[in-house]
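One structure below.
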Amino acid sequence: MRKIIIFSLIFIMQISFALDPVVKTRIKDISRLLNDRQNMLIGYGLVVGLQGTGDDASNEVARQGIANMLSNFGVNNLDIDNLKSKNTAVVMVTAKLGAFNMPGDNIDVHVSSIGQATSLKGGILLFTPLKAGNGEVYAIAQGPVAVGGYSVEGKSSKTMKNHVASGTIPNGAIVENSVKTDLVTNGELVWVLDKQDFTTVESMKSSISKINKKWDVRAISGSQVSLKVPEEYVGKEIALISLVNALNVESDSIARIVINERSGAIVMGGPVKVAPVVVSYQNLNISVKNETQVVQPGAFSSGTTAISEETRISVEEGKTGKAVEVIKTNDNTIEQVAAVLNHIGMTPGDIISILQLMKEAGAIKAKMEII
């Protein structure tokens, strides 16, 4: 019953969205500047202070790491074969450096075990340099590891909640070097869409051109719009970026259905249309038919005869003749089909199977992705 209620809410929300697939949104919410990108950082370090849940004695990398760390403090000539500590774990540390992070800023880091450690809970990451792809150090990470779970193991049983071999350190790294980011490239500002769409790009171009028709605005591709910096904004690029980012544009979307077979969740985006189709599934017969009707004007009116398209969706169950029928004028959308199936109490798994059959038959006019 709980799944049925959830599906009902999803379909109600989607029907409302499908009636108006074009959404007004700000440029800043759907795009970024060309050079405004994150940079990946990575480092190798040690987590200490574990309660017997670290790497075992057979891990030579852990023993060598401990020896290297101690040598930095003058403890030399150690026999690494005798370094045995289950309170230490070898980890890889990752982080993302923003385009405009400056030295002294704090960024989040993620810590993951690469050895036999069973849990990082209660551990502290020691001083770990984080490098970018060019080999240079851009941040230093250190601090207590936060693990969202637990792992308890006895002689004959083991209890675990969530994944405890990795964790995070909020604001756990201090930025030491910044990345040089040029907002203007060859005298132009270039915005890049988060999701490629030619219709949205054209809408962005039109909105920017409305500020000043003399500005040189070009749609470079299905995801890029360039603006040559006007003379009055040379040296005031930040003000220009702020002005453009605040513009509202018509953000279009591709008709798409995403299905998660493991959880039974279905998410539909964009105007997903359905062609006439008949599906026989178990003891159900589902049909979607388009009907043409002639609409006559009222008596003594000046109107003219018009042709109206209606979509009839019907479901017949078994030999009982029980049927649920919906007639929706000029709106043959997949949401109507799903709403009918949901109304008669079909399970999420059955609805997914029917949608897949309709897609294979070419009746669903949208992209379908199964994850």
Scalar couplings 3J(HN,Hα) for the stretch 123-140 by Karplus 6.51 cos²θ - 1.76 cosθ + 1.60 (θ = phi - 60°), nearest whole Hz, x for Gly and Pro, are x, 10, 6, 7, 2, 10, x, 10, 10, 9, x, 7, x, 8, 7, 10, 7, 10
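Given the pairs Lys210/Lys236; Lys28/Lys365; Lys180/Lys213; Lys180/Lys236; Lys24/Lys214; Lys210/Lys367, which are separated by over 23 angstrom at their Cα positions? Mind showing how you got there, number by number?
Values: Lys210/Lys236 20 Å; Lys28/Lys365 30 Å; Lys180/Lys213 33 Å; Lys180/Lys236 19 Å; Lys24/Lys214 25 Å; Lys210/Lys367 34 Å.
Listed pairs above 23 Å: Lys28/Lys365; Lys180/Lys213; Lys24/Lys214; Lys210/Lys367.
Does the stretch 39-175 come out rounded, prolate or oblate, given a ≥ b ≥ c as the square roots of the eigenvalues of its C-alpha gyration tensor, rounded meaning a/c under 1.5 and, failing that, prolate meaning a/b above b/c? Show your work: numbers first, answer last.
Numbers: a/c = 2.48, a/b = 1.28, b/c = 1.94.
Oblate is the answer for the stretch 39-175, as a/c is 1.5 or above yet b/c matches or exceeds a/b.
Only the coordinates and a few stated rules stand behind these numbers; no lab work does. All values derive from a computational prediction rather than experimental measurement.
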